[in-house]
Every structure is written in C-alpha cells, then in structure tokens.
Amino acid sequence: MISQKTRTNVYLDKTIKEKAKEIYKQYGVSLSEAINMFLVQSVMERGLPFEMKFPNDETINAMNEIREGKTEKISFDELQKEAKKCLA
C-alpha cells in the first residue's frame with residue numbers, strides 16, 4: 001500500500017529542533033521520519049507513546065516555595081547527608 005504524503009507546518013523551538021535533528025541523525029532518521037514515527041506510535045497507542053507524569057500536590061507546593069524563595073538554604077554536604085539517610 002502506497003501512503004499519501006501531506007505537508008504540515010509546525011512551529012518548533014529552534015534549539016530543541018536542532019538538538020533533536022542531531023540525535024535522529026545518529027539513527028539515520030530525518031526529523032520528518034522521526035515525527036512520522038511519533039505519530040504512528042500515537043495512533044497505535046491511541047494516545048501519547050510515552051508515559052506522562054504530573055507532579056503531586058507535595059511536589060507542586062515545594063516547587064512554588066522554591067520559586068517564591070520560601071525555602072531554607074542548605075549546603076551540598078548537608079544535602080548529601082540527608083540523601084544518605086534516605087537510602088539507609
């Protein structure tokens with residue numbers, strides 16, 4: 001079966017587009033072919049072909065506190081100690 005092609009205009013972030021092209025080039029795939037692969041997978045999955053995760057309320061609150069400067073300062077060493085406690 002011969003597929004019909006159609007031209008579509010898409011506005012992309014210039015930097016992201018160039019970085020993506022370099023990645024796809026390593027696989028021997030053009031940006032157009034990669035977008036077609038994404039769309040085929042979307043149709044096969046009947047949705048996005050990857051898992052979307054949204055932050056929970058606790059994470060959203062923490063992100064907002066950071067943006068608003070409401071967090072206490074912590075050194076990298078202290079952060080490492082806290083991380084080790086969590087892993088123990």
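Say whether the condition of being surrounded by fewer than 10 Cβ atoms within 10 Å (Cβ to Cβ), part of a helix (DSSP H, G or I) and out of contact with any strand residue (DSSP E or B) (no Cβ under 8 Å at 6 or more places or on another chain) is met by at least one residue in the stretch 26-41.
Yes, some residue in the stretch 26-41 is surrounded by fewer than 10 Cβ atoms within 10 Å (Cβ to Cβ), part of a helix (DSSP H, G or I) and out of contact with any strand residue (DSSP E or B) (no Cβ under 8 Å at 6 or more places or on another chain).
Take the stretch 55-69 and flag every residue that is part of a helix (DSSP H, G or I) and either closer than 24 Å to Asn9 by Cα or within 19 Å of the chain's Cα centre (by Cα) (or both).
Selection gives Thr59, Ile60, Met63.
Name the single residue, out of those in the stretch 7-21 being exposed (fewer than 10 other Cβ atoms within 10 Å of the Cβ) and aliphatic (A, V, I, L, M), that is modelled with the lowest pLDDT.
This residue is Val10.
So how many residues does the stretch 37-54 have that are under 17 Å from the mean Cα position of the chain (by Cα) and of a type in the set (Lys, Arg)?
Selection size over the stretch 37-54: 1.
The values are calculated or read from the model by the stated rules, or taken from the named source; none is laboratory data. These numbers were taken from a predicted model, which means no experiment stands behind them. Every residue, glycine among them, receives a Cβ derived from its backbone with ideal geometry; neighbour counts consider all protein chains shown.
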